[in-house]
Each structure stands twice: as structure tokens, then as C-alpha cells.
1. Please give, to one decimal in nm, the separation of the simple spin-label points placed at LEU67 and ASP28, each 7 Å out from Cα toward the Cβ.
2. Taking R0 as 35 Å, what's the FRET efficiency between ALA56 and LEU13 from their Cβ-Cβ distance, rounded to 0.05?
3. Please sort 6-12, 41-47 by packing, taking for each peptide the average over its residues of neighbouring beta carbons within 10 angstrom, highest first.
4. Which FRET efficiency value, to the nearest 0.05, do you get for LEU5 and ALA74 by plugging their Cβ-Cβ distance into 1/(1 + (r/R0)^6) with R0 = 22 Å?
Amino acid sequence: MFTRLSESLLRLLKGHTRRNLANMFAADRYAQLSEQHEAIFRAIERQDASAAQRAAEAHLDYVRRSLHDDAERAAREAVSAALAENDVQGVFVETVAGGGK
């Protein structure tokens, strides 16, 4: 039982990781991430520690917000899918129990 639980958790973690990476490198986000990385690099290149720190903090805030937004969207989609599945099953049960009305 522990092995199955571990395997399920690992599959779940891999799925979330894959989705997070895919979402972070979507076209609209990729441009913002590239700009943020460039700003960090330029500040380091200028040896401007405070600008590099501000740019890195802004970048990390963006990533945190993006991951949080993605998690919220995934949770909403999971709830929607579960509700839709329950509706479909309910219709099936009503149809079978009601004689195909």
C-alpha cells in the first residue's frame, strides 16, 4: 500500500512539475521571464548590487504569483471537471433509473 501511495504521489508531483514548467515558458510569460533575467544580468554586469537584488526580487515575486495563479486555475478546473463528471453520471443514473426518459 505504501508503494502505491508513493507511486501515486510521484506521478502527481511529476504532472504538476511538467505543467508548471510548461506554463512558465508559455509565449507571454517567456518574454517577461527573459526581460527579467536580462535586467538581473545587466545589473550584475554593471556591478550594481542593489539593482540586481531588486531585479531578482521582482523576478521571484513574478514567478511566485504566476505559480500561485496557475495552482488556483488548476484547482478551479479540477472542481469544474468533477462537477461536470457528477452531472454526467447523474444524467446517466437518472436515464437508467427512469427508463430512458
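Read-outs throughout are calculated quantities, based only on the coordinates presented, and are distinct from any laboratory measurement. Bear in mind that the values here come from a model prediction, so they are computed numbers and not experimental data. A quick note on method: Cβ atoms are made from the backbone with ideal geometry, for glycine too, and the neighbour counts reach across all protein chains shown.
1. Going from the LEU67 label point to the ASP28 one covers 2.1 nm.
2. Calculated transfer efficiency: 0.85.
3. For the peptides 6-12, 41-47, the packing ranking is 41-47, 6-12.
4. 0.55
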